[in-house]
Structure formats: C-alpha cells, structure tokens
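Beneath this line is the structure, given in structure tokens, with notes to follow.
The values are calculated or read from the model by the stated rules, or taken from the named source; none is laboratory data. All of these numbers come straight from a predicted model, not from anything done at the bench. Cβ coordinates were reconstructed from backbone atoms using ideal geometry, including for glycine residues, and neighbour counts include every protein chain displayed.
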Amino acid sequence: MTFVSVALTVAHAVAHAVAHAVAHAEVIAVGSAMVQDAVMTAPAIPSRPTAVVTGASSGIGAATARRLAAEGFDVIAAARRTDQLDAVVADIAADGGTAQAVRCDVTSDESVAQLAAAVPGPLTLLVNNAGGALGLDPVETGSIDEWRWMYEVNVLGTVRVTQALLPALERSGAGTVVVVSSTAGLIVYEGGGGYTAAKHGQTAVAETLRLELCGRPVRVIEIDPGMVKTDEFSLHRFRGDAARAAAVYEGVREPLVAEDVADCIAWCATRPHHVNVDRLVVRPLAQAAQHKVHRG
Ligand SMILES: NC(=O)c1ccc[n+]([C@@H]2O[C@H](COP(=O)([O-])OP(=O)(O)OC[C@H]3O[C@@H](n4cnc5c(N)ncnc54)[C@H](OP(=O)(O)O)[C@@H]3O)[C@@H](O)[C@H]2O)c1
C-alpha cells in the first residue's frame, strides 16, 4: 500500500468514525441543540487528493499522471492534444484510478483560467511538466522564434499555471508544486543556448517561488532529469527528423525512461509535507555529466 493510500485509508476511517458518531448521536438525542451543532460542524468526509499534471499527453507527463493515479490521486491531465489525453485517462480508469482530461495551452491566459476552473476544490499537487526543446543551433544563428517558444512554454507556462493554481494549493493546507526543469537548467552546452536559457529560467522560478512561499503551506520541488528517452522530446526538438532524434540515444545503455522520472516525482510528492526535497537531479548511469555519456 502506498503512502498516500495509507494516509487516505486512515483519513477515511477517522472521517467515517466521526460521521458514524454524529449519526448515532442524532438517533439518541434528536432535537438536541448539541447534536445539531455537532451535525453543523462535523467535518466532511475528505475526498482523495487532487493532482494537476501539465503536458500529460505524452512522455514524462503521461507517465506521471498514471503513477499519481496509482498512488491514490484524482488526476487532472492537461495538455493541448485531447485525443492523447483521453487515451491516458482511459488507461488510468482501466487500472482502477480516477482522472479527467482538460485541454490546456499553458501559453494562454484564457486556457489556463479554464484549467483552474476545472479544479474542483483544494489542490494537493501541481506538476509543471509541459515544456520542451526546439533546435540545436548555436546562439549566433539560433532562431528567435524557437527561443521564444521555449521561453513561453517552459518558463512563462510554469509561472502562468502556478499563479492560477496557487490559491487552490494553499487551500489544501499542504500543497506541493513540482517544477520539471532539467540538468539543462544547471549547466550549458554548445547548441543548447535556447533550451538551457529557458531551463535556467524555469529553475530560477522554482528557487524564487520557494523563498517567497516560505511560511505558507506550499512546498516547491524541482526535478532535473538528464537524458530521458521519451517518444516525442527529441523528435519535436528536431522537427520530426527521426534519424537525428534516434542518434541522441544511440549506443546509450538504458537511458532513463518516462516512468523513471515519474517515480522520482511521485516519491518527492508523497514524502511527509514538512520534508521538502528542493531539487532532485536524476540521470542514467551511462551519463556521468551533461557532456560525459558512455556509448557502446
Ligand atoms: N526527455 C528528456 O530528455 C528530458 C530531460 C530533462 C527534462 N525534460 C523535460 O521534461 C518535460 C517533459 O518532457 P518529455 O520528454 O516528456 O517530452 P514530450 O513527450 O515532448 O512532452 C512534452 C509535453 O508538453 C506538452 N506541451 C507542449 N507545449 C504545450 C503547451 N503550450 N501547453 C500545454 N502543454 C504543452 C505536450 O503536450 P501537447 O503537445 O499535447 O500540448 C507534451 O505532453 C519537459 O519540460 C522537458 O523539457 C525532458
């Protein structure tokens, strides 16, 4: 049984006991003001915790949505491609979990406001995962449009969604914001200027937010994966060039997969709430550093 499901089982047991006691009191002392007060003030039976995952239509986001549902969260899976979101939600339902798909473009104020409106009550967990890279050109010749896209999605998308959902996170009394940045947010590499600038920006947002929220019941966790072999990340980066995308992982024994990162996110998010994993850096064994990859 997972940490969350143990906590939920205990919470439900306590809530049911309270509800039972209140119902019993009603039977034995109907009309008494004391019982009426008890009924009025009895806590509602707590529902399952809710998690929002952005970029849940593929890769790390989809794996995280599935994993969090298995951990006992009601998952709101957000991204632009609803057909892929629907498939993730169907998988979760088939495994006995609960999830709903919400179409959301993190670069749009209106779309993010609709996501916030879809959150039914207090929010326990927000995973800011939507993001990605475009191109591998030097700074000298990099496309301004590609740089803009990377900044819009990775940095401003994280800020926009976090701003919209912070009130619901705070209402939970024990909220968690996860920011999926990257080892590209900690170090630079040639050709990576646009992506490393954006991921450094996203990392700066996570660090700043943690300082600003100190004393309030919302913790901030940054996850920095190294090389993760997902179906779309490199394909998207190289605008559909499958050979170039495959070359990224060529000869690398066991690159990380989406489920490895989802495992890290779930572990951090299910620690007791006073435990704040500030930053978790995770790479495949074959990647000792950004530039040091064993192939062959
Ligand atoms: N793969 C790696 O090696 C690696 C390493 C370190 C960090 N990361 C980070 O991990 C995250 C997930 O990467 P991944 O490997 O899982 O890549 P992926 O499969 O390409 O996933 C990217 C996700 O972001 C969503 N997205 C893109 N633009 C969006 C927008 N405007 N609004 C809402 N959602 C948007 C996409 O969904 P839609 O297109 O349906 O909107 C998709 O679900 C990214 O932030 C990436 O930078 C990846």
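Yes or no: Ala286 in contact with a His (Cβ under 7 Å, 6 or more places away or on another chain), surrounded by 14 or more Cβ atoms within 10 Å (Cβ to Cβ) and under 26 Å from Val188 (Cβ atoms)? Taking the combined requirement at face value, the residue satisfies it.
When Tyr195, Tyr189 are screened for being over 20 Å from Gly55 (Cβ atoms), within 14 Å of the ligand (Cβ to nearest atom), assigned by TED's automatic domain parsing to the domain that holds Thr124 and not small (Gly, Ala, Ser), only Tyr189 passes. Of the helices (runs of 4 or more DSSP H) lying entirely inside the stretch 226-277, those containing at least 1 residues that are under 22 Å from the mean Cα position of the chain (by Cα) span 233-237, 258-269. Counting only residues that are surrounded by 20 or more Cβ atoms within 10 Å (Cβ to Cβ) and either of a type in the set (Val, Ile, Thr) or not in a helix (DSSP H, G or I) (or both), how many does the stretch 184-197 have? Residues in the stretch 184-197 being surrounded by 20 or more Cβ atoms within 10 Å (Cβ to Cβ) and either of a type in the set (Val, Ile, Thr) or not in a helix (DSSP H, G or I) (or both): 2 in total. The set of residues from the stretch 94-120 being closer than 25 Å to Trp267 by Cβ, surrounded by fewer than 18 Cβ atoms within 10 Å (Cβ to Cβ) and of a type outside the set (Val, Ile, Thr) comprises Ala94, Asp95, Gly96, Gln100. Screening Ile265 with (1) more than 11 Å from the ligand (Cβ to nearest atom); (2) closer than 21 Å to Thr54 by Cβ gives one miss only, at (1). Pairs are defined by a Cβ separation below 6 Å, a sequence spacing of at least 6 or placement on different chains, a first member in the stretch 254-267 that is under 14 Å from Leu125 (Cα atoms), and a second member that is at pLDDT 95 or above and assigned to a loop (DSSP other than H, G, I, E, B); the pairs so defined are Ala266/Glu71. Filter the stretch 168-183 for residues that are crowded, with 24+ Cβ neighbours inside 10 Å and more than 20 Å from Ala116 (Cα to Cα); which is farthest from the ligand (Cβ to nearest atom)? Filtering first and then ranking leaves Ser181. If you go through the stretch 46-73 and keep only what is under 16 Å from Glu232 (Cα atoms) and touching a residue at least 40 places away in the same chain (Cβ under 8 Å), you end up with Thr54, Gly55, Ala56, Ser58, Gly59, Ile60, Gly61, Ala62, Ala63, Thr64.
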